[in-house]
Amino acid sequence: MTEPLTPEETRRYARHIVLKGVGGEGQQKLKAARAGVIGAGGLGSPVIAYLAAAGVGTLVIVDDDAVSLSNLQRQIVHRSDDIGRAKAESAEGFVAALNAHVEVLPVVARLDGGNAASVLAGCDVIIEGTDRFDSRLVAAEAGEALRVPVVSGAVSMFDGQVTVFAPHRQDASGRAYPRFRDLYPDDPEEGDLPSCEVVGVLGAVTGVIGTLMAMEAIKLITGLGEPLLGRLLLYDGRAARFTELAY
């Protein structure tokens, strides 16, 4: 059973507690939740920041990379003093400074088929924001096997997208929601998905998409609203336009 909120937590989360649709019950769900965050980079940074601020009880942060100077243009949980430090551990330090009520389990490793099940076991939601197709596929397949929803986001240059995979759930008509392979049936050819290192990315775009990913995770944990199940939300930063596609 979840421990009750302390007086300090009640003050910290006061704007949630008075918010209709969240309230004390929703905050208790956040406190009891365990979220797996795959990638502590451009997308993972706002996810980590907002989930920690929201009081998600445990964050499992998975990243095998180290902080570099070029990361700091968009990866807001890292600081100049963190250059050379493992991103998962740097993110742990950020969370500790922001909210001591959140436990962080840093995993300095790349998520793959050999470790995904053990690393993500016990998670209530998985949020993946890596820039590698194979890692995105592994995260989605792990979520499907564990029967845990996966919030998936991606960015490139001025644009981004976000959706939620939960094929273990059914819609109102009793049909299973689509899986990762329904949206991406084929592996991309090398060069089809150029990295941010090659084509660049506007830092604020990762903030837009990462914040939307955090919102989807909070909705899934609390039961608030309608998650992006079977819906792909596209963001065009230059036109300031959102488009939604069903799949």
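Does any residue of the range 124-135 turn out to be of a type in the set (Gly, Ala, Ser), open to solvent by less than 30 Å² (accessible area, probe 1.4 Å) and modelled with pLDDT under 95?
Yes, some residue in the range 124-135 is of a type in the set (Gly, Ala, Ser), open to solvent by less than 30 Å² (accessible area, probe 1.4 Å) and modelled with pLDDT under 95.
Could you list, in sequence order, all residues of the range 206-228 that are of a type in the set (A, V, I, L, M, F, W, C), open to solvent by 20 Å² or more (accessible area, probe 1.4 Å) and closer than 25 Å to residue 172 by Cβ?
212, 215, 218, 220, 221, 224
Working only within the range 155-191, note down all residues that are over 17 Å from the mean Cα position of the chain (by Cα), aliphatic (A, V, I, L, M) and open to solvent by less than 70 Å² (accessible area, probe 1.4 Å).
176, 183
Against the definition (of a type in the set (A, V, I, L, M) and open to solvent by less than 40 Å² (accessible area, probe 1.4 Å)), how does residue 139 come out, yes or no?
Against the criterion (of a type in the set (A, V, I, L, M) and open to solvent by less than 40 Å² (accessible area, probe 1.4 Å)), residue 139 qualifies.
Please determine whether any residue of the range 63-84 is at pLDDT 95 or above and under 13 Å from the mean Cα position of the chain (by Cα).
yes
For the range 149-247, list the strands (runs of 3 or more DSSP E) that sit wholly inside it and hold at least 1 residues that are closer than 17 Å to residue 37 by Cα, touching a Pro at 6+ places or on another chain (Cβ under 9 Å) and touching a residue at least 40 places away in the same chain (Cβ under 8 Å); which are they?
By residue number, 150-156, 159-165.
Based on what the data block shows, is residue 145 assigned to a helix (DSSP H, G or I), open to solvent by 70 Å² or more (accessible area, probe 1.4 Å) and either among the hydroxyl-bearing types (Ser, Thr, Tyr) or closer than 26 Å to residue 29 by Cβ (or both)?
yes
If you scan the range 1-10, which residues turn out to be over 16 Å from residue 53 (Cα atoms) and surrounded by 10 or more Cβ atoms within 10 Å (Cβ to Cβ)?
Listed by number, the residues that qualify are 2, 3, 4.
Quick check on residue 88: is it in contact with a helix residue (DSSP H, G or I) (Cβ under 9 Å, 6 or more places away or on another chain), within 30 Å of residue 169 (Cβ to Cβ) and of a type in the set (A, V, I, L, M, F, W, C)?
Answer is no for this residue.
Could you tell me whether the range 11-26 includes any residue that is touching a residue at least 12 places away in the same chain (Cβ under 8 Å), in contact with a strand residue (DSSP E or B) (Cβ under 7 Å, 6 or more places away or on another chain) and either assigned to a helix (DSSP H, G or I) or exposed (fewer than 13 other Cβ atoms within 10 Å of the Cβ) (or both)?
no
Suppose the filter is part of a loop (DSSP other than H, G, I, E, B), within 19 Å of residue 50 (Cβ to Cβ), of a type outside the set (Ser, Thr, Tyr) and in contact with a helix residue (DSSP H, G or I) (Cβ under 9 Å, 6 or more places away or on another chain); does residue 77 pass it?
yes
For the range 27-40: of the residues being open to solvent by 10 Å² or more (accessible area, probe 1.4 Å) and out of contact with any strand residue (DSSP E or B) (no Cβ under 7 Å at 6 or more places or on another chain), which is nearest to residue 116 (Cα to Cα)?
32
Where residues in the range 133-154 are more than 15 Å from the chain's Cα centre (by Cα) and of a type outside the set (Asp, Glu), which of them is nearest to residue 210 (Cα to Cα)?
Filtering first and then ranking leaves 133.
For the range 83-93, indicate whether the set of residues that are of a type in the set (Gly, Ala, Ser), surrounded by fewer than 22 Cβ atoms within 10 Å (Cβ to Cβ) and more than 30 Å from residue 11 (Cβ to Cβ) is non-empty.
yes
The values are calculated or read from the model by the stated rules, or taken from the named source; none is laboratory data. Source: prediction; values computed, not measured. Cβ sites come from the backbone with ideal geometry, for glycine too, and all protein chains shown count toward neighbours. Heads up: the accessible areas ignore ligands, DNA and RNA and are worked out on the full protein's heavy atoms, side chains in. Shrake-Rupley method; radii C 1.70, N 1.55, O 1.52, S 1.80 Å.
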